[in-house]
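Worksheet for the structure shown next.
What follows is calculated from the coordinates using simple rules that are stated; it is not laboratory data. Not measured: the values here are computed from a predicted model. Cβ sites come from the backbone with ideal geometry, for glycine too, and all protein chains shown count toward neighbours.
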Amino acid sequence: MAHPLIDGQPGSTHLLLGNEAIVRGAVEAGIQFVSCYPGTPSSEVPDTFFRLSPEGSYSFEYSVNEKVALEVAGGATLAGALSLVTMKHVGVNVAADPLLTLTYVGSPGGFVLLSADDPGCHSSQNEQDNRIYARMAGMPCLEPASAQEAKDMARAALTLSRQLGAPFLLRTTTRVNHLRGPVVLSEPTVLPKPAGFQKNPSRFVPIPAFARPMHLRLLETMDKARALAEASPMNAVSGSGTVGVIASGISRAYLADALLEADLAGQPVKLLNLGFTNPLPETLVGDFMQGLSTLLVLEELEPVLETEIRALAQRLGLSLTILGKTPGPLPRFGEYDVAMVAAALRQALGLPEPAKAVCSCGTDPAVPLPNRPPNLCAGCPHRATYFAVRKIFGDSAVYSSDIGCYTLGILPPLRAADFLLCMGSSVSAGCGAAKAAGQTVVGFIGDSTFFHSGITGLVNAVFNRHDILLVVLDNRTTAMTGHQPNPGVDKTNLGDNPARVDIEPLVRGIGIEHIRKVNPLNQKATLKAIEELKALSGVRVLIAEEPCPLFARRAYGKKRTQVAYVADAAGTDECLNSLACPAFFVEDGKMAIDPILCAGCMLCLQVCTTIKARKGDA
């Protein structure tokens, strides 16, 4: 069946997620190769490419990590293919090594890196600003602010990259990736089949003698890109007045809404919306600043544009007040919103703050809503693993955690995450902590993260004879980011995986002798295995293998065949205080189990003597 992202009629309008719009933009550009490592807020881009791959005229792959994804796409563009690689902002750290050389080498077929940044840390361990990578690597950068722009700029970035033979950065943020908006489709470009790699060592092999002239070519390319930015329709001036605003990314959308507020509508404000933000179109910006008394710069996270604009104003000898982050009124952390932008604009215009509106919703806006922390799902096998490990080790061990659903083990009563650095660090950082202080360390890592960057740390642990127990939480999918496949799965959303990489022989093959494999929902066997491994020393691995119940229902067709209920509520505090399953609740002072939420994993039946079960489909 035809899908509008593949076969949508030019001129038709569709309501698209920002990430879906990026897919359509790539299709319109004639995309030929896509690779990724999934990471929120970028995940829907590769997931959509994966879902549509049977219909699309492109090659797609989920790579084991971002570095590999960028290298594979880099090889594809060197062979002449128009290529896209997608990842979240912290993934660019993993991919930075090949990235900063690919910009020297160039991209004959065209190459775009989608970096989905996460101001506010909605699903990330930091909120770094990857526009800085664009400047460090020498990459032209586009920043959309709407679904339509996400489509148009994805297409433009790929097209311009092919034209210049240089990698581009498409920098989005969480609000752009996950907004929905109307998108008008355009006619797709049909590109010829990739011509294949054309041998030219002096261009493509960056040994020092060749790398030096490569750097000079990169600087020349960025000068060409600056000329494109100067004339780009993605950079637009509107309005008039002595107060100006330069805005980039999603800040442009907040600004548009702020200008609709009663006291700001009709104010004499001169606007420069920047979508093509690197290289900075200095002539355009310099001309824009002429005659201004005050300039407000709107950009989330770091004062990247603000710093460049301040330097430009000084070089041009312009005397004006520039407001932004240095000094305020805007912060260098978190997301902006309409109210924040409106307040900054009022300050620039010298307007007083309006009187606060009285809430008519019947609630006191000064009283915050109760927090609802994220939790492991009902029936999640990770809960069973954590419960068993803590039963054996308690607080005597240090728990080294990693990136994934299982990071939620930090919450009480499980308390199984003491420190975390990045993907794969549970092994390496855990080893370092154990060796430095002689403490007992138990590391936790998921199956996808193990393939991403856990293997190298484990090899290092064997080589350096570390003392650590590593628990591989194998739930047969990449659960946190949307059930994407990884090399260890046997099922995907599109069917069987014929090329599964089995974790146990892989671990054994690098020289680890002490290995146990269990189903964590079998508590007796799991506790026995952990006791055995605790008594040993050196590198030990416990593989806790059981599918994510949400994925199992979809991919395996698994049904819940057991519904647990409380037969005698007396004494069930042991379950509430030790398992904290989301299916548990308290009613009339007694614990009960919600049969709708219960996954039928039967862990509580093994832990709590007062709970019994009955047969029947849920």
- Dipole moment magnitude, nearest 20 debye, segment 4-228 about Cα centre, only Lys, Arg, Asp, Glu C-beta charged: 640
- Query: Roughly what % antiparallel, to the nearest 5, for the DSSP beta bridges in the chain?
  - Reply: 30
- Order of 40-50, 23-33, 201-211 by packing, highest average Cβ count within 10 Å first? 23-33, 40-50, 201-211
- Residues whose placed amide H lies under 5 Å from that of Leu323, excluding near-sequence neighbours: Leu295, Leu296, Val297
- Query: Taking +1 at the Cβ of each Lys and Arg and -1 at the Cβ of each Asp and Glu, which of Val27, Leu323, Pro303 sits farthest along the dipole of the chain towards its positive end, judged by Cα position relative to the Cα centre?
  - Reply: Val27
- Sequence-distant aspartates and glutamates (8 or more away, or on other chains) whose Cα lies within less than 18 Å of Lys391: Asp418, Glu531, Glu532, Asp573, Glu574
- Message: Sorting check: for 326-333, 219-226, which peptide has the highest mean count of neighbouring beta carbons within 10 Å, and how do the rest follow?
- Response: 219-226, 326-333
- For the peptides 250-257, 519-526, what is the packing order when you average, over each peptide's residues, the other Cβ atoms within 10 Å and list the highest mean first? 250-257, 519-526
- Task: Just tell me which lysines come within less than 20 Å, Cα to Cα, of Lys67; anything on the same chain fewer than 8 places away is out.
- Result: Lys88
- Provide Glu545, Glu513 in ascending order of the number of other Cβ atoms located within 10 Å of each residue's Cβ, fewest first. Glu513, Glu545
- Message: What distance in nm separates the two pseudo spin-label positions at Gln290 and Val205, each 7 Å out from Cα along the beta-carbon direction?
- Response: 5.2
- Item | Computed [θ] at 222 nm, helices only, for the chain once each DSSP H run of length n ≥ 4 contributes -39500 (n - 2.57) | -10500 deg cm²/dmol
- Quick one: net charge around Pro381, please, counting Lys, Arg +1 and Asp, Glu -1 for every other residue with C-beta under 10 Å from its C-beta. -1
- Task: Kindly state, to the nearest 0.05, the FRET efficiency for Cys121 paired with Leu494, given R0 = 30 Å and r defined as their beta-carbon distance.
- Result: 0.40
- Yeah, segment 472-613 with a ≥ b ≥ c from its alpha-carbon gyration tensor (a/c under 1.5 is rounded, else prolate when a/b outruns b/c, oblate otherwise) is oblate
- Would you tally the net charge around Glu532, using a Cβ to Cβ cut-off of less than 14 Å, leaving Glu532 out, and scoring K and R as +1, D and E as -1? +4
- Task: Mind checking which of Asn493, Val367, Val269 is farthest towards the positive end of the chain's charge dipole, using Cβ charges of +1 (Lys, Arg) and -1 (Asp, Glu) about the Cα centre?
- Result: Asn493
- Message: Would segment 37-126 count as rounded, prolate or oblate if I go by the C-alpha gyration tensor, calling it rounded below 1.5 in a/c and otherwise prolate when a/b exceeds b/c, oblate otherwise?
- Response: oblate
- Local electrostatic count at Leu330 - Lys and Arg +1, Asp and Glu -1, tallied over other residues with Cβ under 10 Å: -1
- Message: So, R0 is 30 Å and r is the distance between the beta-carbons of Tyr556 and Ala525; what FRET efficiency does that work out to, to 0.05?
- Response: 0.90
- Query: Given a Förster radius of 22 Å and the C-beta distance between Val184 and Ser238 as r, what FRET efficiency does 1/(1 + (r/R0)^6) yield to the nearest 0.05?
  - Reply: 0.60
- Query: Where the only charges are on Cβ atoms (+1 Lys, Arg; -1 Asp, Glu), what is the dipole of the chain about its Cα centre, to the nearest 20 debye?
  - Reply: 1200
- Message: Please compute the length gained on full extension between Lys590 and Ser53, using 0.36 nm multiplied by the number of residues separating them and subtracting their Cα-Cα distance.
- Response: 188.2 nm
- Message: What is the distance in Å between the Cα centroid of segment 49-89 and that of segment 243-297?
- Response: 35
- For the chain, list the DSSP H helices whose alpha carbon atoms reach 24 Å or more along the long axis and whose average Kyte-Doolittle value is -1.0 or above? 147-164, 208-231
- Using a cut-off of 26 Å between alpha-carbon atoms, which lysines can reach Lys356, once sequence neighbours fewer than 8 places away in the same chain are excluded? Lys325
